[in-house]
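*Asks:* Got a structure for you, questions after.
Each reported figure results from applying straightforward, stated rules to the coordinates on display, with no laboratory input. Here the structure is a predicted model, which means the values were calculated and not measured. Positions of Cβ are generated from backbone atoms using ideal geometry, with glycine treated the same way; all protein chains shown enter the neighbour counts.
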């Protein structure tokens, strides 16, 4: 679980948004969802993990090279 939370945090940092915003966009999560995962009060299902990872893969952070190409 820690590794998954780190993935989301790294992605959120790379795109300039909060982890909560990523969850909201990827799965329509409420704003408290991230806090409950970090606190260990709940865990995502594998289906949810797959949806979030797909969202992150489909929406990669912009790099200098991709900005130049655009």
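*Asks:* Give me the distance in nm between label points sitting 7 Å out from Cα along the Cα-to-Cβ direction at residue 47 and residue 7, one decimal.
*Replies:* Result for the modelled spin labels: 1.8 nm.
*Asks:* Hey, what angle do you get for helix 2-15 against the long axis of the chain, alpha-carbon based, 0 to 90 degrees rounded to 10?
*Replies:* 40 degrees
*Asks:* Given points 7 Å out from each Cα along the Cα-Cβ axis, report the residue 35 to residue 63 separation in nanometres with one decimal.
*Replies:* 3.7 nm
*Asks:* What does the extension gain come out to for residue 55 and residue 21, with contour length at 0.36 nm per residue minus their alpha carbon separation? Spell out each step's value before the answer.
*Replies:* Values: separation 34, 0.36 × 34 = 12.24 nm, distance 1.22 nm.
Result for the pair: 11.0 nm of gain on full extension.
*Asks:* In degrees, nearest 10, range 0 to 90: what is the angle between the Cα axis of helix 46-58 and the longest Cα principal axis of the chain?
*Replies:* The angle comes out at about 10 degrees.
*Asks:* Given Cα pairs under 8 Å that are at least 6 residues apart, what percent is the relative contact order of the chain?
*Replies:* Here the relative contact order equals 27 percent.
*Asks:* Can you tell me the alpha carbon radius of gyration of segment 2-61 divided by the globular rule-of-thumb value 2.2 N^0.38 Å? Don't jump to the answer; show the numbers that get you there.
*Replies:* On the way: Rg = 10.4 Å, N = 60, 2.2 N^0.38 = 10.4 Å.
Cα-based Rg divided by the globular estimate yields 1.00.
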